[in-house]
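Below is one structure, written out as C-alpha coordinates, with a few remarks after it.
The values are calculated or read from the model by the stated rules, or taken from the named source; none is laboratory data. Note that the structure is predicted; figures quoted are calculated from it, not measured. A quick note on method: Cβ atoms are made from the backbone with ideal geometry, for glycine too, and the neighbour counts reach across all protein chains shown. Heads up: the accessible areas ignore ligands, DNA and RNA and are worked out on the full protein's heavy atoms, side chains in. Shrake-Rupley method; radii C 1.70, N 1.55, O 1.52, S 1.80 Å.
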Amino acid sequence: MPVGGTSVSLTPPKGFEPATGFAGLVNEATKASVLIVEMPAEAYPQLSTLFADAEAAKQGFARQNVTIATREEITVAGATVPLLVGSQTAPGGGSLDKWVALFKGDKTVMLTVQSPKSAKLSQAEVKAMIASVALGAAPTMEAKLAALPFTIKPAAPFRILDTMAGSGVAMTAGELNTDPQGLQPLMIAVSQISGPMRPGQEEAASETLLKSTRGLADATITERKRVPFAGGEGMLLKGGFRSEDAKAKTFVQYLGIGADGRMVRLIAMMDDDRLAELQPAIEQTAASIAFTAK
(Lines give C-alpha, C1' and ligand atoms only; values in the text may rest on other atoms or scores of the structure.)
Protein backbone atom coordinates (compact mmCIF):
# COMPACT_ATOMS: atom_id res chain seq x y z
CA MET A 1 0.00 0.00 0.00
CA PRO A 2 1.48 3.41 -0.99
CA VAL A 3 1.28 6.04 1.76
CA GLY A 4 -0.08 9.17 0.08
CA GLY A 5 2.28 12.13 -0.23
CA THR A 6 5.36 10.09 0.75
CA SER A 7 7.94 7.81 -0.86
CA VAL A 8 6.82 4.91 1.37
CA SER A 9 4.89 1.78 0.47
CA LEU A 10 4.17 -0.93 3.05
CA THR A 11 1.87 -3.74 4.11
CA PRO A 12 -0.11 -2.50 7.12
CA PRO A 13 -1.44 -4.57 10.01
CA LYS A 14 -5.08 -5.60 9.81
CA GLY A 15 -7.52 -2.75 10.40
CA PHE A 16 -5.24 0.10 9.31
CA GLU A 17 -6.38 2.47 6.57
CA PRO A 18 -4.90 5.62 4.99
CA ALA A 19 -5.21 8.62 7.32
CA THR A 20 -6.83 11.85 6.15
CA GLY A 21 -5.19 14.32 8.55
CA PHE A 22 -1.53 13.33 8.25
CA ALA A 23 0.90 11.23 6.22
CA GLY A 24 0.32 7.72 7.49
CA LEU A 25 -2.27 5.17 8.54
CA VAL A 26 -4.86 4.89 11.27
CA ASN A 27 -6.94 2.16 12.87
CA GLU A 28 -10.18 3.95 13.71
CA ALA A 29 -11.38 1.16 16.00
CA THR A 30 -8.31 1.09 18.24
CA LYS A 31 -6.99 4.65 17.63
CA ALA A 32 -3.55 3.26 16.76
CA SER A 33 -1.61 5.14 14.09
CA VAL A 34 1.41 5.01 11.80
CA LEU A 35 3.03 8.40 11.13
CA ILE A 36 5.49 8.92 8.27
CA VAL A 37 7.86 11.90 8.48
CA GLU A 38 10.19 12.58 5.55
CA MET A 39 13.23 14.85 5.78
CA PRO A 40 16.11 15.70 3.46
CA ALA A 41 18.68 12.96 2.89
CA GLU A 42 21.21 15.17 4.68
CA ALA A 43 19.32 14.68 7.95
CA TYR A 44 20.18 10.98 8.17
CA PRO A 45 23.73 11.24 9.66
CA GLN A 46 22.52 13.44 12.52
CA LEU A 47 19.40 11.40 13.26
CA SER A 48 21.24 8.08 13.00
CA THR A 49 23.34 9.04 16.06
CA LEU A 50 20.08 9.17 18.03
CA PHE A 51 19.33 5.60 16.92
CA ALA A 52 22.93 4.36 17.29
CA ASP A 53 22.48 2.68 20.68
CA ALA A 54 19.86 2.29 23.38
CA GLU A 55 21.42 4.83 25.74
CA ALA A 56 21.54 7.59 23.12
CA ALA A 57 17.93 6.81 22.19
CA LYS A 58 16.77 6.91 25.82
CA GLN A 59 18.35 10.32 26.39
CA GLY A 60 17.21 11.81 23.09
CA PHE A 61 13.59 10.67 23.22
CA ALA A 62 13.21 11.49 26.90
CA ARG A 63 13.02 15.14 25.81
CA GLN A 64 9.81 14.20 23.99
CA ASN A 65 8.46 12.33 27.04
CA VAL A 66 8.99 9.02 25.26
CA THR A 67 10.50 6.18 27.29
CA ILE A 68 12.69 3.92 25.15
CA ALA A 69 12.97 0.37 26.50
CA THR A 70 14.97 -1.42 23.80
CA ARG A 71 16.79 -0.92 20.51
CA GLU A 72 16.58 -3.59 17.82
CA GLU A 73 17.55 -3.98 14.18
CA ILE A 74 15.41 -5.23 11.30
CA THR A 75 16.57 -6.22 7.85
CA VAL A 76 14.56 -4.36 5.21
CA ALA A 77 15.36 -4.97 1.53
CA GLY A 78 18.90 -6.00 2.46
CA ALA A 79 19.55 -2.93 4.63
CA THR A 80 19.70 -2.75 8.43
CA VAL A 81 17.03 -0.49 9.93
CA PRO A 82 17.19 0.55 13.61
CA LEU A 83 13.97 0.12 15.60
CA LEU A 84 13.33 1.73 18.98
CA VAL A 85 10.64 0.22 21.22
CA GLY A 86 9.10 2.07 24.13
CA SER A 87 6.07 3.86 25.52
CA GLN A 88 4.58 7.29 26.09
CA THR A 89 1.89 8.78 28.28
CA ALA A 90 -1.08 9.80 26.13
CA PRO A 91 -2.22 13.48 26.28
CA GLY A 92 -5.58 12.45 27.70
CA GLY A 93 -4.12 9.90 30.11
CA GLY A 94 -3.31 6.24 29.69
CA SER A 95 -0.25 4.74 28.05
CA LEU A 96 0.76 4.25 24.43
CA ASP A 97 3.02 1.55 23.04
CA LYS A 98 5.54 3.18 20.71
CA TRP A 99 7.85 1.99 17.92
CA VAL A 100 10.15 4.28 15.90
CA ALA A 101 12.20 3.17 12.85
CA LEU A 102 14.64 5.18 10.73
CA PHE A 103 15.14 4.56 6.99
CA LYS A 104 17.74 5.91 4.56
CA GLY A 105 16.65 6.61 0.98
CA ASP A 106 16.22 9.57 -1.36
CA LYS A 107 14.65 11.03 1.76
CA THR A 108 15.38 10.33 5.42
CA VAL A 109 12.23 8.57 6.62
CA MET A 110 11.09 8.21 10.22
CA LEU A 111 8.20 5.81 10.78
CA THR A 112 6.44 6.03 14.15
CA VAL A 113 3.79 3.60 15.37
CA GLN A 114 1.78 4.41 18.47
CA SER A 115 -1.02 2.35 19.89
CA PRO A 116 -3.02 2.41 23.15
CA LYS A 117 -1.93 -0.49 25.33
CA SER A 118 -5.57 -1.60 25.41
CA ALA A 119 -5.40 -2.15 21.61
CA LYS A 120 -2.78 -4.89 22.15
CA LEU A 121 -1.02 -4.25 18.85
CA SER A 122 1.67 -6.92 18.83
CA GLN A 123 5.35 -6.37 18.26
CA ALA A 124 5.28 -9.10 15.62
CA GLU A 125 2.68 -7.14 13.60
CA VAL A 126 4.72 -3.95 13.82
CA LYS A 127 7.96 -5.67 12.82
CA ALA A 128 6.25 -7.35 9.86
CA MET A 129 5.01 -3.98 8.65
CA ILE A 130 8.45 -2.37 9.01
CA ALA A 131 10.07 -5.28 7.17
CA SER A 132 7.62 -4.69 4.29
CA VAL A 133 8.60 -1.03 3.78
CA ALA A 134 9.77 -0.05 0.30
CA LEU A 135 11.11 3.42 -0.47
CA GLY A 136 10.42 4.82 -3.91
CA ALA A 137 11.22 8.13 -5.50
CA ALA A 138 10.42 11.22 -3.46
CA PRO A 139 6.93 12.52 -4.32
CA THR A 140 6.53 15.81 -6.17
CA MET A 141 5.61 18.93 -4.24
CA GLU A 142 2.24 18.88 -6.03
CA ALA A 143 1.56 15.37 -4.71
CA LYS A 144 2.58 16.32 -1.17
CA LEU A 145 0.38 19.41 -1.19
CA ALA A 146 -2.54 17.38 -2.55
CA ALA A 147 -2.20 15.00 0.41
CA LEU A 148 -2.65 17.79 2.99
CA PRO A 149 -5.99 18.03 4.84
CA PHE A 150 -6.34 21.63 3.66
CA THR A 151 -5.56 23.72 0.59
CA ILE A 152 -3.29 26.75 0.69
CA LYS A 153 -1.78 29.20 -1.79
CA PRO A 154 1.11 31.27 -0.41
CA ALA A 155 1.16 34.90 -1.53
CA ALA A 156 4.46 36.45 -2.68
CA PRO A 157 7.05 36.96 -1.33
CA PHE A 158 6.33 33.76 0.64
CA ARG A 159 7.24 30.47 -1.02
CA ILE A 160 6.88 26.84 0.03
CA LEU A 161 9.87 25.07 1.60
CA ASP A 162 8.28 21.66 2.18
CA THR A 163 5.35 19.85 3.73
CA MET A 164 5.60 18.36 7.22
CA ALA A 165 4.37 14.84 8.00
CA GLY A 166 1.48 15.27 5.59
CA SER A 167 -0.25 17.64 8.03
CA GLY A 168 1.48 20.97 7.48
CA VAL A 169 3.55 23.16 5.20
CA ALA A 170 6.48 25.48 5.91
CA MET A 171 6.97 28.71 3.94
CA THR A 172 9.54 31.49 3.96
CA ALA A 173 10.22 34.88 2.41
CA GLY A 174 13.88 34.82 1.37
CA GLU A 175 16.46 32.85 -0.57
CA LEU A 176 17.62 30.50 2.21
CA ASN A 177 16.13 26.99 2.29
CA THR A 178 17.60 26.29 5.72
CA ASP A 179 17.61 29.11 8.25
CA PRO A 180 18.61 27.88 11.74
CA GLN A 181 19.34 31.44 12.91
CA GLY A 182 15.85 32.65 11.98
CA LEU A 183 17.06 35.42 9.70
CA GLN A 184 14.11 35.11 7.29
CA PRO A 185 10.37 35.42 7.93
CA LEU A 186 8.83 31.99 8.53
CA MET A 187 5.20 30.98 8.04
CA ILE A 188 3.76 27.58 8.94
CA ALA A 189 0.28 26.17 8.33
CA VAL A 190 -0.55 22.92 10.12
CA SER A 191 -3.58 20.79 10.86
CA GLN A 192 -4.30 19.14 14.21
CA ILE A 193 -3.44 15.44 14.11
CA SER A 194 -4.57 14.39 17.60
CA GLY A 195 -8.04 14.53 19.10
CA PRO A 196 -10.80 16.63 17.49
CA MET A 197 -11.72 20.09 18.77
CA ARG A 198 -15.13 21.74 18.92
CA PRO A 199 -16.05 24.99 17.17
CA GLY A 200 -16.08 27.67 19.86
CA GLN A 201 -12.76 26.55 21.38
CA GLU A 202 -10.72 28.76 19.04
CA GLU A 203 -9.66 31.37 21.59
CA ALA A 204 -8.49 28.96 24.30
CA ALA A 205 -6.83 26.67 21.78
CA SER A 206 -5.10 29.61 20.07
CA GLU A 207 -3.27 30.73 23.18
CA THR A 208 -2.42 27.19 24.28
CA LEU A 209 -0.92 26.32 20.89
CA LEU A 210 0.90 29.65 20.67
CA LYS A 211 2.58 29.20 24.06
CA SER A 212 3.56 25.62 23.21
CA THR A 213 5.37 26.76 20.04
CA ARG A 214 9.13 26.70 20.35
CA GLY A 215 10.45 30.13 21.33
CA LEU A 216 6.98 31.58 22.02
CA ALA A 217 6.34 30.42 25.58
CA ASP A 218 6.82 34.00 26.82
CA ALA A 219 5.24 35.74 23.83
CA THR A 220 3.13 38.83 24.54
CA ILE A 221 -0.30 38.95 22.92
CA THR A 222 -1.22 42.52 21.91
CA GLU A 223 -4.31 41.82 19.78
CA ARG A 224 -6.94 39.10 19.64
CA LYS A 225 -10.11 39.09 17.56
CA ARG A 226 -12.54 36.87 15.68
CA VAL A 227 -11.97 36.83 11.92
CA PRO A 228 -13.14 34.76 8.92
CA PHE A 229 -10.73 31.86 8.45
CA ALA A 230 -10.75 28.40 6.81
CA GLY A 231 -14.38 28.65 5.74
CA GLY A 232 -15.70 29.70 9.14
CA GLU A 233 -15.03 31.98 12.07
CA GLY A 234 -11.46 31.83 13.31
CA MET A 235 -9.28 33.47 15.94
CA LEU A 236 -6.50 35.94 15.17
CA LEU A 237 -3.70 36.62 17.65
CA LYS A 238 -0.90 39.16 17.15
CA GLY A 239 1.99 40.08 19.38
CA GLY A 240 5.70 39.99 20.02
CA PHE A 241 8.48 37.82 21.41
CA ARG A 242 12.25 37.78 21.73
CA SER A 243 14.45 35.45 19.70
CA GLU A 244 17.25 33.47 21.32
CA ASP A 245 19.62 36.35 20.55
CA ALA A 246 17.15 38.78 22.19
CA LYS A 247 16.04 40.33 18.89
CA ALA A 248 12.50 41.78 18.82
CA LYS A 249 10.16 39.62 16.73
CA THR A 250 6.50 39.74 15.73
CA PHE A 251 4.03 36.87 15.31
CA VAL A 252 0.66 36.66 13.57
CA GLN A 253 -1.46 33.54 14.20
CA TYR A 254 -4.79 32.39 12.76
CA LEU A 255 -6.69 29.35 14.03
CA GLY A 256 -9.89 27.78 12.74
CA ILE A 257 -11.92 24.71 13.69
CA GLY A 258 -14.07 22.94 11.11
CA ALA A 259 -17.54 21.55 11.71
CA ASP A 260 -16.05 18.03 11.90
CA GLY A 261 -13.57 19.00 14.64
CA ARG A 262 -10.50 19.41 12.45
CA MET A 263 -8.24 22.35 13.25
CA VAL A 264 -5.89 24.37 11.07
CA ARG A 265 -3.42 26.96 12.32
CA LEU A 266 -1.36 29.51 10.37
CA ILE A 267 1.48 31.28 12.18
CA ALA A 268 3.95 33.78 10.75
CA MET A 269 7.07 35.00 12.58
CA MET A 270 9.39 37.80 11.46
CA ASP A 271 11.50 40.74 12.60
CA ASP A 272 9.38 43.63 13.88
CA ASP A 273 10.32 45.88 10.97
CA ARG A 274 9.02 43.39 8.35
CA LEU A 275 5.40 43.20 9.53
CA ALA A 276 4.03 46.18 7.60
CA GLU A 277 5.61 44.90 4.39
CA LEU A 278 4.45 41.29 4.82
CA GLN A 279 1.01 41.81 6.37
CA PRO A 280 -0.85 41.81 3.00
CA ALA A 281 0.83 38.53 1.94
CA ILE A 282 0.01 36.92 5.31
CA GLU A 283 -3.64 37.97 4.99
CA GLN A 284 -3.87 36.70 1.39
CA THR A 285 -2.34 33.36 2.37
CA ALA A 286 -4.72 33.04 5.33
CA ALA A 287 -7.67 33.78 3.04
CA SER A 288 -6.62 30.95 0.71
CA ILE A 289 -6.85 28.21 3.36
CA ALA A 290 -9.78 25.80 3.23
CA PHE A 291 -10.35 22.30 4.62
CA THR A 292 -10.39 19.53 2.03
CA ALA A 293 -13.19 16.96 1.93
CA LYS A 294 -12.45 13.78 3.85
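Projecting the Cα atoms of Ala124, Trp99, Ile68 onto the dipole axis of the chain, where Lys and Arg carry +1 and Asp and Glu carry -1 at the beta carbon, places Ala124 farthest toward the positive end.
Computed about the Cα centre, the dipole magnitude for the stretch 205-294 is approximately 300 debye when only Lys and Arg (+1) and Asp and Glu (-1) carry charge, each at its Cβ. Here Lys98 is the anchor, and the lysines within straight C-alpha reach of less than 18 Å, apart from those fewer than 8 places off in the same chain, are Lys14, Lys31, Lys58, Lys117, Lys120, Lys127. Under the simplified labelling scheme, the Gln201-Thr11 pair shows an inter-label distance of 3.9 nm, with each label point 7 Å from Cα along Cα→Cβ.
Working out 0.36 nm times the residue gap between Thr140 and Ser212, then minus their Cα-Cα distance, what length gain in nm do you get to one decimal? Intermediate values should be presented prior to the final figure.
Numbers: separation 72, 0.36 × 72 = 25.92 nm, distance 3.11 nm.
Separation in residues times 0.36 nm, less the Cα-Cα distance, equals 22.8 nm.
DSSP beta bridges fully contained in the stretch 202-294 are about 100 percent antiparallel. For the chain, what does the relative contact order come out to in percent, with C-alpha contacts under 8 Å and a separation of six or more? Contact order relative to length: 16 percent. Looking at the stretch 139-213, the accessible area is 51 square angstrom per residue; that uses a 1.4 Å probe and ignores ligands, DNA and RNA. For the chain, modelled as a GNM whose springs connect Cα atoms under 10 angstrom apart, the maximal fluctuation among Gly168, Gly256, Gly86 occurs at Gly86.
Between Asp162 and Met39, the contour length at 0.36 nm per residue exceeds the alpha carbon distance by 43.4 nm. Within the same chain, lysines fewer than 8 places from Lys249 are excluded, and of the rest, those with a Cα less than 22 Å from its Cα are Lys211, Lys225, Lys238.
Spin-label model, Thr67 to Ala131: label points 7 Å out along the Cα-to-beta-carbon direction sit 2.9 nm apart. Within the same chain, aspartates and glutamates fewer than 8 places from Lys247 are excluded, and of the rest, those with a Cα less than 13 Å from its Cα are Asp271, Asp272, Asp273. From the alpha carbon centroid of the stretch 172-243 to that of the stretch 249-294 is 7 Å. If you take the Cα centroid of the stretch 56-86 and the Cα centroid of the stretch 123-169, the two points sit 22 Å apart. Farthest toward the positive end of the dipole of the stretch 145-273, out of Ala259, Ala156, Gln192, is the Cα of Ala259, where the dipole comes from beta carbon charges about the Cα centre.
About its Cα centre, the chain has a charge dipole of approximately 680 debye under the convention of +1 per Lys or Arg Cβ and -1 per Asp or Glu Cβ, with nothing else charged. Only protein atoms count toward the accessible area here, which uses a 1.4 Å probe; on the chain, the carbon and sulfur part of that area reaches 54 percent. Report summary: the helix-based calculation at 222 nm, which adds -39500 (n - 2.57) for every DSSP H run with n ≥ 4 and divides by the residues of the chain, gives -5500 deg cm²/dmol. The Cα-based radius of gyration and maximum Cα-Cα distance (Dmax) for the stretch 1-60 are 14.3, 37 Å. Measuring nothing but how far apart in sequence close Cα pairs (under 8 Å, 6+ apart) lie, relative to its length, the stretch 33-172 scores a relative contact order of 22 percent.
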